[in-house]
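Working notes for the structure below.
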Amino acid sequence: MSARRVNILSFIAHGITCRRCRIEEPGSRCFPATTYCRVDHGGCLAERQYKDGKLLKRIKDCYINGTRCETSWTTQEDEIEHEVRCCTDRDYCNKTL
């Protein structure tokens, strides 16, 4: 009976832990510091921002609504290209995206 309870609790507590980084510029660490977030109904997000083909910064976080996942767009004001990818296959899956 207790083994069954553990299985049920594991199913209920299912979620994913993601790396959270507000700004990570090439060649530098996450600023202000790397933290983690956990989401039960969503996944991990990684965004890269480019200007003139050069990587400006990366952002990593949790997401609840996946409408931004696997998208790219360019902001008109500053011509920055945003590339967003998401994952749900394992904890910290956005670390290498």
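Scan the range 75-93 residue by residue and report those that are more than 13 Å from GLY43 (Cα to Cα) and surrounded by 14 or more Cβ atoms within 10 Å (Cβ to Cβ).
Scanning the range 75-93 gives ILE80, GLU81, HIS82, GLU83.
Restricting to the range 60-74, give me the number of residues that are modelled with pLDDT of 85 or more and acidic (Asp, Glu).
1
Restrict the check to the range 72-95 and report whether at least one residue is in contact (Cβ under 8 Å) with a residue 40 or more places away in the chain, on the phi > 0 side of the Ramachandran plot and not basic (Lys, Arg).
For the range 72-95, residues in contact (Cβ under 8 Å) with a residue 40 or more places away in the chain, on the phi > 0 side of the Ramachandran plot and not basic (Lys, Arg): present.
Specify the residue that is surrounded by the most Cβ atoms within 10 Å (Cβ to Cβ); the eligible residues are those in the range 60-74 that are over 20 Å from TYR36 (Cβ atoms) and β-branched (Val, Ile, Thr).
THR71
What residue, among those in the range 20-79 that are hydroxyl-bearing (Ser, Thr, Tyr) and touching a Cys at 6+ places or on another chain (Cβ under 7 Å), is farthest from CYS93 (Cα to Cα)?
Only one residue tops the list, namely THR34.
Identify the residue in the range 24-44 that is modelled with pLDDT under 95 and of a type in the set (A, V, I, L, M, F, W, C) and, among all such residues, is nearest to CYS87 (Cα to Cα).
Selected residue: VAL39.
The values are calculated or read from the model by the stated rules, or taken from the named source; none is laboratory data. These figures come from a predicted structure and were not determined experimentally. Quick reminder, even Gly has a Cβ in these numbers, built from the backbone with ideal geometry, and neighbours come from all protein chains shown.
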